[in-house]
1. Report the full-extension gain for the segment residue 113 to residue 146: residue separation times 0.36 nm, less the Cα-Cα distance, to one decimal in nm.
2. Along each of its three principal axes, how wide is the spread of alpha-carbon positions in the chain, in whole angstrom units, largest first?
3. Mind jotting down a quarter of the surface of the convex hull over the alpha carbons of the stretch 17-75, in square nanometres, one decimal?
4. With n ≥ 4 as the cut-off for DSSP H runs, can you work out [θ] at 222 nm for the chain, using -39500 (n - 2.57) per run divided by the number of residues, rounded to the nearest 500?
5. Name the residues whose placed amide hydrogens come within less than 5 Å of the amide hydrogen of residue 74, ignoring near sequence neighbours (fewer than 5 apart) on the same chain.
6. So for the pair residue 6, residue 29, with labels modelled 7 Å out along Cα→Cβ, what separation do we get in nm?
7. Please give the length that would be gained between residue 120 and residue 92 if that part of the chain were fully extended, namely 0.36 nm times their separation in residues minus their C-alpha to C-alpha distance (nm, one decimal).
8. Summarise the accessible area of the chain (1.4 Å probe, protein heavy atoms) by the percent that is carbon and sulfur.
Amino acid sequence: ALLLAKNPTLTNEEIRQIIRNGTDDLGTAGKDANFGYGRINAAGSMNLANTDPLTPIITSPSSRITLITTSLQVLGSVPGPNFSSYKVEFGLGRTPTSWTLATDSTTQVINGVLATIDTSTLAEGFYAIRLTAKDTIGKSYQFQVFDIKVDNKNKTDLKATDLQIERMFELQIQ
């Protein structure tokens with residue numbers, strides 16, 4: 001509410017990114033399993049209220065789905081001014097201890113393919129996908145999807161937009 005009072009034109013995602021970037025980082029630098037993005041700092045966020053943050057978003061796949069595909073397109077956008085680069089990474093588990101780079105790019109994407117992941121080489125299990133965007137002054141902005149179950153039993157070659165996905169249930173392709 002404070003951020004909207006100062007800048008009523010902010011979107012939900014801009015507010016989310018401002019709050020994340022205004023936090024006091026605790027523990028390991030960046031987002032971590034123990035402290036997330038850190039402790040909310042109202043003054044830190046208010047100082048960023050009139051900035052134009054990048055607002056990365058993954059629109060497909062969504063969290064908590066089962067995939068039966070050999071090639072997964074990660075769809076989304078990295079809107080906002082002062083864009084410099086983005087990268088898409090994936091890791092095993094809800095809070096991966098290590099991340100694998102799917103792609104990095106200096107081309108801004110709006111409603112398009114951010115990366116393609118070859119899921120045929122992945123171990124079965126639950127994965128997280130992370131999109132990190134950087135602006136021209138080096139500030140990072142993130143968006144993540146979680147609990148993406150990779151099922152290697154019945155693989156086929158589909159795009160994420162072609163899948164009829166049932167959350168947390170196996171997809172039966174006939």
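1. Net length gain for the segment: 10.0 nm.
2. 54, 32, 27
3. Average of the hull's projected areas for the stretch 17-75 equals 5.8 nm².
4. One gets -3000 deg cm²/dmol as the mean residue ellipticity at 222 nm.
5. Distant-sequence amide H within range of residue 74: 114, 115, 116, 117.
6. 2.5
7. Numbers: separation 28, 0.36 × 28 = 10.08 nm, distance 1.42 nm.
Difference between extended and current length: 8.7 nm.
8. Details: 4650 of 9350 Å².
Carbon-and-sulfur percentage of accessible area, whole number: 50.
The values are calculated or read from the model by the stated rules, or taken from the named source; none is laboratory data. Keep in mind that this is a model prediction, so the values were computed, not measured. FYI the Cβ positions are ideal-geometry reconstructions off the backbone, even for glycines, and counts take in every protein chain you see. The accessibility values were calculated without ligands, DNA or RNA, using every heavy atom of the protein model including side chains. Shrake-Rupley method; radii C 1.70, N 1.55, O 1.52, S 1.80 Å.
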